[in-house]
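The values are calculated or read from the model by the stated rules, or taken from the named source; none is laboratory data. Predicted, not measured: the structure shown is a model, and the values here were computed from it. Note: ideal-geometry Cβ built from the backbone for every residue, glycine included; neighbour counts use all protein chains shown.
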Amino acid sequence: MPRIELPDGSAAELPEGEPIGSVLPPAAIAARFDGRLVDLSFVPTSDGRAEPVTASEPDGLRVLRHSTAHVMAQAVCDLWPGARYAIGPAVEDGFYYDFELPDPISESDLGKIEDRMREIVSAAQPFIREELAREAALERFADQPYKREIVETLEEGEVQAGDTVTVYRNDGWSDLCLGPHVPSTGRLGAFKLLKLAGAYWRGDESRPMLQRIYGTAWSSGSDLEAYLARLEEAEKRDHRKLGRDLDLFSSPDELGPGLWIWHRRGGIFRKELEDYVRDLHLERGYDLVVTPHIARSVLWETSGHLAKYADNMYPPMKDEQGDYYVKPMNCPFHVLVYRSRTRSYRDLPMRLAELGTIYRHERIGTLHGLLRVRGGTQDDSHIICTPDQLIDEILGVFDLTLEILGTFGFTEPIIKLSTLPGQTIVDEAMAAKATEALTNALDRSGLPYQIAEGEGAFYGPKVDFDFKDAIGRPWQLTTVQCDFALPERFEMEYVGEDNQRHRPVMIHRAILGTLERFSGVLIEHYAGAFPLWLSPEHVWLLPVADRHLEHARALAAKLREAGLRAVVDESGETVGKKVRAAQLMRAPYTLVIGDREVGSGELTVRDREGNEIGGVPFDAFVEALVEEVSTRRLTQSRFGAGG
Ligand SMILES: [Zn+2]
Ligand SMILES: [Zn+2]
């Protein structure tokens, strides 16, 4: 009789053949046996520790979501005989399942699928785990080619390799799966199907395009409601929608996927962002460099990119000098700047900064608006220094990160130190030195951080800074990498105080990441209502009638003279429509210009919240806005009656 230790310290004797679930509380939907996730129906054959897994903890939610994915696939198969199902994992906040259907379905079918799912849930069908020999599994999935392919390629590690495969069955529907699952479909319920998308089988563009149904599932109805409310808020802020509505950028078909053009309003926003970042770097002792977009293959061979990063690079262009590659990173170019002369210790630290445009051949399926692009501009810098300077330089980067991101209202970073991955170009001694430097800098900074094993870049360990946006979503923004390998590969040197040659160290860092992605994050963070300094226009002037146009134009000219961006709405629409149009463009301040304003020379100012204040003297208005822009204030100026 196995002896089962329970979390409260007590122990239970489990009769031979009894499932682990019989000693766990009813709230459990799965169990952990000696730390391993198992079904409640798991029968221990030896002594061990058992813990309940409930639907409100992360592991439990994953089990719940994946079980809901099974039920969704079962419902689809019931409704569309001949449906072929591929894979259906739990993902963050939910799940999906990929299908090949006799006829493609549309979003209007989701309700019907949900209805069928609810029937399966009310039937409380038990999930039954079966171990099948490979041959038996191939037979079970005779008319399911995707499942057969998974079984046939088990060695590739999709599912635990072995002579048998695990199948979960409820009612007559089976899926190839490692589990665990909830004991019965009756334990599910707080779910909703969200949307349809296309996805290539195994993410491979040469394989069939499948239909992916996304859903979400939670442990309670109230959690589901709260999630749907968050989703709705996120949708309102979607940068792709706002980018279109606010006329900031677009990605016309002729460009190709993942490439964007910035329109006039987006151009001003980009200029302000770039100027701020570039100027601050100059103030902090960085030097600006400029490098081309392409280079010969020899550069990428030396840097190691062709060996380790070629999958993410565009194919080469050829001419009589050989192959040229479009750059996926700026680092090798900055190395060439360093190597353009003999360097001495007096030149170090050398901080080379560039808003460098890079191109990465990301998979089409992973592209997402500005958040995942194929062409983007990084606020990239490489700091080349002596080993003694390394920690201070890393601390300087942390400091600059907090200053820059604080300007946008991003505070309280979530910091992660990622150590080297399996595939790398760095030898262990160098990796250890790099990790030690980052750890020492983090410890000295006093900032809290976590360690993520094996998640670093192929040329070195890294520190990532995530920040939460206005609706609490974390975004990974800043990356700092410490690199002993590239200096070695490029034989970078400096002459030390001792007159000997030494090898410098290199820090790679991007604080905003790509400006494209950062812009996407900012748009969602601010819901399109940028702080004044980033707003494409500061002031919208709305003449009530044609006779007020001249006064409006004269005021706009004076505002521009004061360095403010002012536009006059000359559309001839009613003033109500003009106010509405300005609101839709998230205009920070609108000035309604009518008889009263022309007569008094004073202003009627409307802010974003719709507060309207009359009798504001022109000079007071200008002074407040100039101050708001120059301090990059996040809140709007207030105007009392009479200024
Ligand atoms: Zn499963
Ligand atoms: Zn770099």
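Details
- Residue in the stretch 394-413 that is within 16 Å of ligand 2 (Cβ to nearest atom), touching a residue at least 24 places away in the same chain (Cβ under 8 Å), closer than 30 Å to S250 by Cα and hydrophobic (A, V, I, L, M, F, W, C) present: no
- Among residues of the stretch 180-204 being small (G, A, S), within 17 Å of S67 (Cα to Cα) and out of contact with any strand residue (DSSP E or B) (no Cβ under 6 Å at 6 or more places or on another chain), the one that is farthest from ligand 2 (Cβ to nearest atom) is G186.
- Pick from the stretch 298-336, criterion hydrophobic (A, V, I, L, M, F, W, C) and in a loop (DSSP other than H, G, I, E, B), ranking: surrounded by the fewest Cβ atoms within 10 Å (Cβ to Cβ): M313
- Among residues that are away from ligand 2 (no atom under 16 Å from the Cβ) and on the phi > 0 side of the Ramachandran plot, G82 is included.
- Residues being surrounded by 15 or more Cβ atoms within 10 Å (Cβ to Cβ), under 19 Å from A55 (Cβ atoms) and within 41 Å of the chain's Cα centre (by Cα) - total across the stretch 1-43: 15
- Residue that is surrounded by the most Cβ atoms within 10 Å (Cβ to Cβ), among those in the stretch 160-179 that are near ligand 1 (Cβ under 10 Å from one of its atoms) and among the aliphatic types (A, V, I, L, M): L176
- Among (1) touching a Pro at 6+ places or on another chain (Cβ under 9 Å); (2) modelled with pLDDT under 95; (3) surrounded by fewer than 13 Cβ atoms within 10 Å (Cβ to Cβ); (4) within 24 Å of I364 (Cα to Cα) - the single one E235 does not satisfy: (1)
- Leading residue by the ranking (surrounded by the fewest Cβ atoms within 10 Å (Cβ to Cβ)) among those in the stretch 593-629 that are among the hydrophobic types (A, V, I, L, M, F, W, C) and in a strand (DSSP E or B): I613
- Look at the stretch 169-195: where a residue is closer than 17 Å to L224 by Cα and without any contact (Cβ under 8 Å) to a residue 12 or more places away in the chain, no partner that is within 15 Å of ligand 1 (Cβ to nearest atom) and assigned to a strand (DSSP E or B) sits 6+ places away or on another chain with Cβ atoms under 6 Å.
- Residue match in the stretch 491-498 (condition: in contact (Cβ under 8 Å) with a residue 60 or more places away in the chain, within 16 Å of ligand 2 (Cβ to nearest atom) and more than 30 Å from the chain's Cα centre (by Cα)): yes
- None of S344, S340, S381, S418 is touching a Lys or Arg at 6+ places or on another chain (Cβ under 7 Å), over 22 Å from L515 (Cβ atoms) and hydroxyl-bearing (S, T, Y) except S418.
- Residues that are within 29 Å of K236 (Cβ to Cβ) and either more than 16 Å from ligand 2 (Cβ to nearest atom) or part of a loop (DSSP other than H, G, I, E, B) (or both), drawn from the stretch 447-476: F465, D466, F467, K468, D469, A470, I471, G472, R473, P474, W475, Q476
- Meets criteria (on the phi < 0 side of the Ramachandran plot and either without any contact (Cβ under 8 Å) to a residue 12 or more places away in the chain or away from ligand 1 (no atom under 14 Å from the Cβ) (or both)) for E92: yes
Quick grid of which residues meet (1) crowded, with 20+ Cβ neighbours inside 10 Å; (2) polar (S, T, N, Q); (3) under 23 Å from P316 (Cα atoms); (4) touching a Leu at 6+ places or on another chain (Cβ under 9 Å):
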residue: Y338; (1), (2), (3), (4): yes, no, no, yes
residue: R351; (1), (2), (3), (4): yes, no, no, no
residue: E354; (1), (2), (3), (4): yes, no, no, yes
residue: G375; (1), (2), (3), (4): no, no, yes, yes
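- Residues in the stretch 606-628 that are in contact (Cβ under 8 Å) with a residue 60 or more places away in the chain, touching a Lys or Arg at 6+ places or on another chain (Cβ under 9 Å) and within 22 Å of A527 (Cα to Cα): R608 only.
Yes or no, residue by residue, for (1) farther than 15 Å from A190 by Cβ; (2) not basic (K, R):
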site	(1), (2)
A30	yes, yes
T54	no, yes
H70	yes, yes
Q74	yes, yes
P81	yes, yes
R84	yes, no
G111	yes, yes
E114	no, yes
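- Flag if V182 is within 16 Å of ligand 1 (Cβ to nearest atom), buried (at least 19 other Cβ atoms within 10 Å of the Cβ) and either modelled with pLDDT of 95 or more or within 24 Å of the chain's Cα centre (by Cα) (or both): yes
- Selected residue (criterion: nearest to ligand 2 (Cβ to nearest atom)) from residues of the stretch 477-490 that are in contact with a strand residue (DSSP E or B) (Cβ under 8 Å, 6 or more places away or on another chain) and not in a strand (DSSP E or B): L486
- Restricting the stretch 440-449 to residues that are out of contact with any Leu (no Cβ under 7 Å at 6 or more places or on another chain) and not aliphatic (A, V, I, L, M), the residue that is surrounded by the most Cβ atoms within 10 Å (Cβ to Cβ): N440
- Candidates in the stretch 245-291 are the residues that are charged (D, E, K, R) and in a loop (DSSP other than H, G, I, E, B); of these, the one that is farthest from I394 (Cα to Cα) is D247.
- Close contacts from the stretch 329-340, counting a first residue that is more than 15 Å from L355 (Cα to Cα) and of a type outside the set (A, V, I, L, M, F, W, C) and a second that is more than 7 Å from ligand 2 (Cβ to nearest atom) and at pLDDT 95 or above, with Cβ to Cβ under 7 Å and a gap of 6+ residues or different chains, come to Y338/M350; Y338/I384; Y338/M492; R339/F490; R339/M492.
- In the stretch 473-532, residue farthest from ligand 1 (Cβ to nearest atom) [restricted to those that are buried (at least 20 other Cβ atoms within 10 Å of the Cβ) and acidic (D, E)]: D483
- Among the residues of the stretch 366-406, those identified as part of a strand (DSSP E or B), over 23 Å from F484 (Cβ atoms) and in contact with a helix residue (DSSP H, G or I) (Cβ under 6 Å, 6 or more places away or on another chain) are R372, G376, T377, D379.
- Of all residue pairs spaced 6 or more apart or on separate chains, those with beta-carbon atoms under 9 Å, a first member in the stretch 107-118 that is at pLDDT 95 or above and a second member that is of a type in the set (S, T, N, Q) are R116/Q74; M117/T68; M117/Q74; M117/T185.
- Condition check for G82: under 36 Å from the mean Cα position of the chain (by Cα) and not in a strand (DSSP E or B): no
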